[in-house]
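Report on one structure; see the data block that follows.
A short reminder: the numbers here are calculations on the coordinates, not readings from a lab. Keep in mind that this is a model prediction, so the values were computed, not measured. Positions of Cβ are backbone-derived with ideal geometry, glycine not excepted, and every protein chain shown enters the neighbour counts.
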There are 2 protein chains.
Amino acid sequence: MSILNRYLDALSTPAVCLDLDVTRANIARFQLYADKVGVTVRPHIKTHKLPPIAEIQLAAGAIGITCQKVSEAEAMVDGSAAITDVLITYNILGADKLARLAALAGRVTLSVVADNAVVVGGLSETFANRPKPLSVLVECNTGADRCGVGSTSEAVVLARTIASAPGLVFGGLMTYPAPGGTARVQAFMAEAKALLEAEGLAVPVVTSGGSPSMFEVGLSPVVTEYRPGTYVYNDRSLVDRGVCGWEDCALSVLTTVVSVPTSNRAIIDAGSKVLTTDTFGTVGHGHVLGRPDITVDQLSEEHGRLVSDGPIGLSVGDRIRVVPDHVCVVTNMVDVVQVFEGGAFLGPWSVAARGRVV
Amino acid sequence: MSILNRYLDALSTPAVCLDLDVTRANIARFQLYADKVGVTVRPHIKTHKLPPIAEIQLAAGAIGITCQKVSEAEAMVDGSAAITDVLITYNILGADKLARLAALAGRVTLSVVADNAVVVGGLSETFANRPKPLSVLVECNTGADRCGVGSTSEAVVLARTIASAPGLVFGGLMTYPAPGGTARVQAFMAEAKALLEAEGLAVPVVTSGGSPSMFEVGLSPVVTEYRPGTYVYNDRSLVDRGVCGWEDCALSVLTTVVSVPTSNRAIIDAGSKVLTTDTFGTVGHGHVLGRPDITVDQLSEEHGRLVSDGPIGLSVGDRIRVVPDHVCVVTNMVDVVQVFEGGAFLGPWSVAARGRVV
């Protein structure tokens, strides 16, 4: 463990702490697996929002990065010259965003997704007179019931629309699967790909994502590219699902016990403004490292409530570390993360793409 | 309604929009009630985090402001010369925060709370050699089971400790009540006050808070000061509790429909990174203005999912406004809010105290 107490004691709490050694190991582990099963890796940077972490992912073998919004992509590209290939997995609409997208396309290899003809129309209008066409993938709903065309025949219709739209090229198929949706991804994407190829439309990329099922992508041979996000840090939701252990969790929230009102209740200075109320399907709000007997049963903005069946054994002023339920949303709550590597404290890193929602 | 569509059409979404006319009316309504029942108002700025809104509250009659963390208080005091009296309702611990607290005490009339002797010890050590003593109130648990001494006898012991500690003066009693806890606040505080006065310890302030029960403070005659937060904007949780109507909600999230995958499902570009997953006890994630038939049933970071029993009647590109479940946490998610007043767009206001957690 490269996070040492002598450094932790000096930080004001709550502090989001990042273990870079564990981060590097997490990145290497999935890259090794992906190389073995022949899938390229395009990490989703929403989890870290940090250009230097993207650089580690690219150096390990990632072919590019995934962003969710145009402003997020801008922050990442601004932050690192190593980022030269970006996929934005979002339906982009509106004059302001399309203009920013066009500007970004002049700086990096850019691709986006669409699940409807209105979005394709806006993209085409923007890119029709640009020197380089924009690659647009069709987003497919393989069971998550969020965005995405609902059938393979709709995928074909939209792919045709893209292929014939001025300024655009059809880039392939994209999905964000439902939990446990590996088989459904394979069935949908294989059928859609066959239909498209039968029409003479090549499908250069079939991209899927999600850290919970990342080590199952070998079971979906149609998938050519994977977009894991959470894997870079891991969190309680992934430990609960058996994807990793606590020792693989690179990010934790350092927090101080500010009150011990009863023998089995303690209050910490990390609330929903750091840990967030996003439980990602788990019960409670994070895992207190070294204290599996404690439940964080309630959060208000600046208070976390810890309870235990027996005596809680904490004193006012004690410092503990909490692994969040869902790590991606925690990164978005803070201006800086405190970074540790090889037993040294590297200092605070500014979360470059925090709060980028447009 | 002072938010006009011609301005809304020009904003990139998601955008947090603030109606200043409704805000002023909300502030005036509670101040009028408080004046009538003889309670002073010390608004909790966590809801807006904006010095200019605090100035409106002070101009309307508030005696000072409440903050939850030292860094939050610093941002507010930095942002307005009109803010001269600050109560921080938090157990403050740690050398860095105590030093910052001492610096702040040189700039404004400052008071804090404590619920244990360790916190009192740190405050005393910091203020023992300062020109002006620090006022410290005893935080009491009147049923919320978060922080606070659990009995009136403990309150007396801690008040004595404060009164005899170098550099400190006993400032009174503070509580954040449980929902529906008005009667319990009165019972606890009246008993504690009587015990303290019997010992010759004056109780200059008894302060309570919480917007849900704000119009019941007249039923707790022992309370001298009230700290409402959410009342300044209101939200879906307060509409659900019957405290206000939709027309009293000053803050809404402007968002664009980016996908309509089925006849009864639509996806908006506001997810948990703006609306947050904090439901504050309500079902669903916000209220779509003018469309009570729609439920926001799921949020991921950048997507909100809207469902309806019948046809949803929305098209890609449509813009709607969503009143969040819990407005305080939404303010913390964005760098700016877009402000409207009297039919005019005032522009973006920087959320000065956003992300101040230490």
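Across region A:280-294, coupling constants 3J(HN,Hα) worked out from phi with the 6.51/-1.76/1.60 Karplus curve, θ = phi - 60°, read 6, x, 8, 9, x, 10, x, 10, 7, 4, x, 9, x, 7, 9 Hz, and Gly and Pro carry x. Per residue of peptide A:291-301, the mean number of Cβ atoms on other chains within 10 Å of the residue Cβ is 2. Taking a label point 7 Å from the Cα of A:Asp297 along the Cα→Cβ vector, which residues of region A:247-274 have an amide N closer than 20 Å to it? Label zone hits: A:257-272. Using a Gaussian network model of chain A in which every pair of alpha carbons under 10 angstrom is joined by a spring, one finds that among A:Pro166, A:Pro228, A:Pro261 the greatest mean-square fluctuation is at A:Pro261. Suppose R0 equals 22 Å; then what is the FRET efficiency for B:Arg29 and B:Ala183 from their Cβ-Cβ distance, rounded to the nearest 0.05? That gives a FRET efficiency of 0.40.
Ignoring everything except DSSP H segments at least 4 long, calculate the 222 nm mean residue ellipticity for chain A; use -39,500 (n - 2.57) per segment, divide by total residues, nearest 500. Walk me through the numbers before you get to the answer.
Values: 10 runs with 104 residues, N = 358.
That comes out to -8500 deg cm²/dmol.
Going from the alpha-carbon gyration tensor of region B:20-232, what semi-axes, largest first and in whole Å, does one get by taking the root of 5 times each eigenvalue?
Sorted largest first and rounded, they come to 25, 23, 13 Å.
Sparsely packed loop sites in region B:37-134 (the trypsin sites (Lys or Arg not before Pro) outside DSSP H, G, I, E and B with at most 15 other Cβ atoms within 10 Å) comprise B:Arg107.
Each other copy holds its own label point for B:Pro292; taking that point as 7 Å from Cα along Cα to Cβ, the gaps run 4.9 nm, nearest first. Mean partner shielding of peptide B:269-278, defined as the number of other chain Cβ atoms within 10 Å of each residue Cβ, is 6. Annotation for A:Asp240 and A:Val336: the two label points, set 7 Å from Cα along the Cα-Cβ direction, are 3.2 nm apart. Which of the lysines could a cross-linker bridge to A:Lys69, judged by Cα under 24 Å and excluding same-chain residues fewer than eight apart? Reachable lysines: A:Lys46, A:Lys49, A:Lys97, A:Lys132, A:Lys273, B:Lys273. Determine which residues of region A:61-90 fall in the zone a paramagnetic label at A:Glu55 would reach in this model, i.e. backbone nitrogen under 11 Å from the point 7 Å along Cα→Cβ. In region A:61-90, the label zone of A:Glu55 (backbone N under 11 Å from the point 7 Å along Cα→Cβ) covers A:79-83.
Distances from A:Arg241 to itself in the other copies, using label points 7 Å out along the Cα-Cβ axis, amount to 3.5 nm in increasing order. Shown here for region B:278-358: trypsin sites (Lys or Arg not before Pro) in loop regions (DSSP other than H, G, I, E, B) with at most 14 other Cβ atoms within 10 Å, of which there are none. Copy B relates to copy A by a rotation, and the B residue whose beta-carbon is nearest that axis, with the distance in whole angstrom, is B:Thr277, 2.
Restricted to Cα atoms, the protein assembly as shown shows a radius of gyration and a Dmax of 26.6, 92 angstrom.
Which whole number gives the average, over all residues in A:330-336, of C-beta atoms from other chains lying within 10 Å of the residue C-beta?
Values: counts 0, 0, 5, 7, 2, 4, 1.
What the average comes to for A:330-336 is 3.
For the options A:Leu110, A:Leu32, A:Leu196, a Gaussian network treatment of chain A with springs between C-alpha atoms closer than 10 Å singles out A:Leu32 as fluctuating the most.
Springs between alpha-carbon pairs under 10 angstrom, Gaussian network model over chain A: which of A:Asp309, A:Asp235, A:Asp35 fluctuates most? Ranking A:Asp309, A:Asp235, A:Asp35 by mean-square fluctuation puts A:Asp309 first.
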